[in-house]
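The values are calculated or read from the model by the stated rules, or taken from the named source; none is laboratory data. This structure is a prediction, so every number in the text was calculated from the model and none was measured. As a convention, Cβ positions derive from the backbone with ideal geometry for all residues, glycine included, and neighbour counts pool all protein chains shown. Quick note on the areas: whole protein, heavy atoms, side chains included, nothing else; ligands and nucleic acids left out. Shrake-Rupley method; radii C 1.70, N 1.55, O 1.52, S 1.80 Å.
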Amino acid sequence: MTVLGTDEATADRGAPVAGAGAGAPKRRRFEFLYFALRNKKLIIGLSVVLLFVLFAIFGPLFVQHPLTAYGPPRHTPSGTYYFGTDYFGLDVFTQFVYGLRESLFVGLIGGCGATVIGMTLGFISGYKGGLIDEGLNVLCNVELTIPGLVLLILIAGFLHHTSPLIEGLLIACTTWTWSMRAIRAQTFSLVSRDFVGLARLSGEKSRSIIVREIAPNMSSYLFLVFILLFGGSILVAASFDFLGLGPAGGMSLGIMMMNAADWSALPLHTWWWFVPPGAAITCVVGGLYLANVGLDEVFNPKLREL
Amino acid sequence: MLTLDNVTKVYKTGTFGGESLPAVRGASFEIRPGEVTSLIGESGSGKSTLGKMILRLTPVTSGTISFEGTDVAGLKGKRLREYYRHVQGVFQDPFSSYNPVFRADRVFATIKRSYFPSVSNSEWHGRVEASLESVGLNPVDVLDKFTHQLSGGQLQRILIARALLLEIKILVADEIISMIDASTRVDVLNLLANLKSRGLGVLFITHDLSLGNYISERTIILRRGVVVEMGATQKVFDNPQHDYTKMLLTAVPQLHKKWGAGLAPELEAMGVTSEGEGRPGRYSRSSMHPLAAMHAWKGHRAQVVAAALETAASADRTDTYLRTHEEVPPLVEVEEDHFVVTSAGAE
Amino acid sequence: MGLKVDQLRICYRTLRGDVTAVDDVTFDIADGEIMGLAGESGCGKSTLGNSLIRMDVRMRQLGGRVELDGAELPISDARAMRDYRFKVVSIIPQYAMSALNPTRRVGKMVSELLRSRGFDYKSALPEFERRVKLVGLDADILKRYPIELSGGMKQRVVMIVSTLLNPSLLIADEITSALDVSTQRAVGEMLLEFRDRNFVKTTMVITHDLSILAQVADTILIMYAGKLAEKARTDVVIGSPLHPYTQLLISSLPEVGVRHDEHTLVGIPGRPPPLLNPPSGCRFRDRCPFAFDRCAADPPFVEVQPGHSVACWLHADGVSPAGGAEQC
């Protein structure tokens, strides 16, 4: 075994290595992109979601009829009414564009909010353990036992003006529980691994260990949590809107579907009324799920090789 | 340099921490610079807990661990980081010691971020390469690789190289070779033993007596959380005092000495020629009537096993004593630098 | 009689291609013999052990023949093997201890196992209890749950269960590696006891720990990278091995009494070759200090002295180089 003489050895090697040292991190970043771009599941999933997002952003440019303009009732899809009209003669395409915008927005706020709350509490609970864990667990269990929708209705009763933003945040406040439990359990199992101990021996603080060591290990899992909460928020928002507690004068995919169900779209064969919103929700959530499976393969170096 | 004084660790179990489980009781010893100290114990002896307490990964319940005169229990923030600059550890499972989503050499980057933020990248790269070479690795083979592309031996060496980048004085090595292949084990062991020539104090935690005997100057035998015997390795191994140490020494499987070899003369008296030492196997029975040899051997084994069970039982009596007495009995010096626990069962 | 394995080749299907984990393996174990099978991780020792009783769906027999007690053992026929398993050929798998269902009492598990094999629990019970006492356990162990038992106790229970029907061949896969030193000994002595009492006829002990084999085995077979390296009596393998791999392996093992400052041991540099695309010729060539030009060809596994076979060109005088093996 050779024992290193630190300084001379360093001086000798300094120069030739400089290029390699600078090159390595750059190559690594590209490598991630390389695997991401080669992954079909990720590409297809993200494309589908992106399509809907673009549609929600640029859709208003193609709207020909205002939201409240009445036309011929139950008109089949045509050149003037792209998606037909509903029972009252309102344009389904217009409703769809604005509904998609609002649903995606509420879903994003609700999904992000719930993920952030669940992650924060889950990481703290799983990492710290002990009394903090017990306390947070009690909070979580109490929250779990209260029916979310009932709580939402109560809160909404006190707030007279709900905007999509407030709606999203309210949803976030009631749906984080299971994500916290799942993240807490995952954190528990990761904390006992030696690399967490080693990170502490490297002088890292708890927060940086959670962010730099634990979270990357479950990044695809966190993304999955977000996707499920995102899809869930859209659905919760739909039931919320249906109860008349949604933002006044708004339109969402949920309201569209509920209206369709209310006004017998199915028995009257007005399929163009409920198929677009239903398909949109399915495609967005499905696309996100596919992207998640793909991301898992990109993140996990072991799956990458197969 | 690093001193443990009456260190005790009690785990709280049960829903509200109602039950307590002592893992380590009243352990006092020191890790000296330039020496390898072996901490030998079986599963559940608390040896890993001791290592974790020294590394501040789990708090002590009572007693003090002091490093260069400072109690390490109160260290926080910057001072804790300084402690880790001098005291480092390597763990049992090389594959769990690395974050699987990153490359193995990320452990170096972490060290740089915490301790050498001002060192230039190129200089750091040179230091890393030199450190890798000093643990017998070729940097080209191991840098830029993922954990599953490297062998257990390589991974453990990388961790030692990581520790050597800091100005370490104490290295806690917790069962670091038990998951490495036999043919490369001894190289990691030699590497560890050579660290003492750099003035390092190494705490080598193991369940394997032969490994402890091979590299260490001092040996500590731990049984159910209590230090039962400690001292200079040669003295502990050549002249074991505690029944438990004796039992371990007779039970450890060896290449050139059979378990029952201690009774070879008696076997010869029975007419069994022990050509291969100890137990007559299928081939060595040929010299006498097969059946007779077998019976002779059976009687012989019965004696051996009975003896082993008896020592184990007497060690258990010591345990009962240890468990029922709040105070751990003191260690007494039986000869220079050789201590053994006093208890009713041990005499 | 005993076990005869003749030119056995087993390959493993992996996502990256076929791996011949057991390549042209020939050996035999006599009645009453305990053979130790040793090698580093990934050398094919567990694959060999498993292939004799329980072929995985990913495993395939490429050639060779296995004979037990004079009759062929249909190892690649899963249905036919069902009649042999547990009754004629039994295995104590790696991690068997942790595989015990923690919510079932030991007695219940034993009775279910026996019934599934068409045996009556009641009539087997006295023999079971007799053997439980024989290995120094209490008979009331049947009423206890696995979590109440220590590792050594569990391992002994597993051993009694797998040998209850007096199998001809017992395969013990790493049964001591998770145990403490003191319980290792109890389990090792138990292997000997069971052989002496004819509970099992032939035993194959698979382990990476040569010092355990030095205690319990009559003969030792060393495998390296899917091939046989050396086979001889235990005292010969330990005391005067011929294959450079065996020599280096044994000289690298620390023993009580050997100290670093007095006698520094050395390991074997390098790593075993990948089995996916193994190099031609002797597989130990790259790590072998004695390698010479002849090693470019595959060394035959030949008997150099009675009962002592080795696959090394240093000891294969008068044998002509054989051609390379065909692909999997």
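Summary of computed values
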| item | result |
| --- | --- |
| Chymotrypsin sites (Phe, Trp or Tyr not before Pro) restricted to DSSP loop in the range C:153-259 with at most 16 other C-beta within 10 Å | none |
| Cβ-Cβ FRET estimate between residue B:19 and residue A:34, R0 fixed at 60 Å, reported to 0.05 | 0.65 |
| Under 18 Å from the residue C:28 label point (7 Å along Cα→beta-carbon), backbone N, the range C:41-71 | C:64-71 |
| Efficiency of FRET between residue C:266 and residue A:141 - r from beta-carbon atoms, R0 45 angstrom, step 0.05 | 0.15 |
| Percent antiparallel among DSSP beta bridges (both partners in the range B:2-238, rounded to 5) | 55 percent |
| Solvent-accessible area of residue C:98 with every protein chain in place, 1.4 Å probe, in Å² to the nearest 10 | 90 Å² |
| Mean separation of Cα contacts under 8 Å, 6 or more apart, over the residue count of chain C: relative contact order % | 20 percent |
| Anisotropy class of the range B:1-105 from Cα gyration tensor, a/c 1.5 cut | rounded |
| DSSP-defined antiparallel bridges as percent of all bridges, chain C, nearest 5 | 60 percent |
| Protein-only accessible surface order, largest first, of C:243, B:256, A:269, C:315 at 1.4 Å | A:269, B:256, C:315, C:243 |
| Qualifying lysines (Cα of each under 29 Å from Cα of residue A:40; at least 8 residues distant if same chain) | A:26, A:302, B:145 |
| Interface residues in the range A:177-194 - accessible area drops by 20 Å² or more relative to the isolated chain, probe 1.4 Å | A:193, A:194 |
| With all protein chains modelled, accessible area of residue B:56 [1.4 Å, Å²] | 60 Å² |
| Chains B and C, summed buried accessible surface - 1.4 Å probe, Å², nearest 100 | 4600 Å² |
| The range B:174-199 and the range B:122-162: distance between their alpha carbon centers, rounded to Å | 15 Å |
| Those lysines that a straight Cα-Cα span of less than 29 Å connects to residue B:246, excepting residues fewer than 8 apart in one chain | B:9, B:47, B:52, B:196, B:235, B:257, B:258, B:298, C:133, C:154 |
| Bridge type composition, the protein assembly as shown - antiparallel percent by DSSP, nearest 5 | 60 percent |
| Förster radius 51 Å - calculated FRET efficiency between residue A:80 and residue B:113, Cβ distance, rounded to 0.05 | 0.25 |
| Extended-chain gain in nm, criterion 0.36 nm per residue less alpha-carbon gap, residue C:101 and residue C:83 | 4.0 nm |
| Of all accessible heavy-atom area on the range B:2-238, the percent that carbon and sulfur account for (1.4 Å) | 50 percent |
| The range B:2-238 - convex hull of alpha carbons, volume per residue in Å³ | 137 Å³ |
| Convex hull of Cα atoms in the protein assembly as shown, direction-averaged projection (nm²) | 50.0 nm² |
| Proximal charge balance of residue A:153 [Cβ under 15 Å; K/R count +1, D/E count -1] | -2 |
| Two-decimal Rg to Rh for chain A - Kirkwood Rh, Cα set | 1.11 |
| In degrees, nearest ten, helix C:106-116 long axis to first principal axis of chain C (Cα) | 80 degrees |
| Dipole in debye (nearest 20) - the range C:1-156, about Cα centre, beta carbon charges: Lys, Arg +1; Asp, Glu -1 | 860 debye |
| Solvent exposure ordering (accessible area, 1.4 Å, most first) of C:153, A:251, C:204, B:179 | B:179, C:153, A:251, C:204 |
| Cα lying deepest toward the dipole's positive end in the protein assembly as shown, options A:51, B:204, C:305, charges on Cβ | A:51 |
| P(r) of the range A:115-160 over all Cα-Cα pairs, binned every 10 Å from zero, in whole percent | 25, 38, 27, 9, 0 |
| Under 28 Å from the Cα of residue C:4 - lysines, other chains or at least 8 residues apart | C:45, C:87, C:201, C:227, C:231 |
| Positive-pole candidate from B:139, B:115, B:184, dipole of the range B:2-238, charges at beta carbon | B:115 |
| Buried accessible area, chains A and B (both chains, 1.4 Å probe, Å² to nearest 100) | 3700 Å² |
| Accessible area per residue, Å², the protein assembly as shown with all protein chains present, probe 1.4 Å | 43 Å² |
| DSSP-loop chymotrypsin sites (Phe, Trp or Tyr not before Pro) across the range B:10-78, with at most 14 other Cβ within 10 angstrom | B:16 |
| For the protein assembly as shown, calculated [θ]222 nm from helices alone, where every DSSP H run of n ≥ 4 adds -39500 (n - 2.57) | -14500 deg cm²/dmol |
| Rounded accessible area of residue A:176 (nearest 10 Å², 1.4 Å probe) | 10 Å² |
| Label-point separation in nm, residue B:148 to residue A:158, each point 7 Å along Cα→Cβ | 5.1 nm |
| Taking the range B:2-238 and dividing mean pair separation by its residue count, relative contact order in percent (alpha carbons under 8 Å, at least six apart) | 31 percent |
| Qualifying chymotrypsin sites (Phe, Trp or Tyr not before Pro) in the range C:80-184, DSSP loop, other Cβ atoms within 10 Å at most 16 | C:95, C:119 |
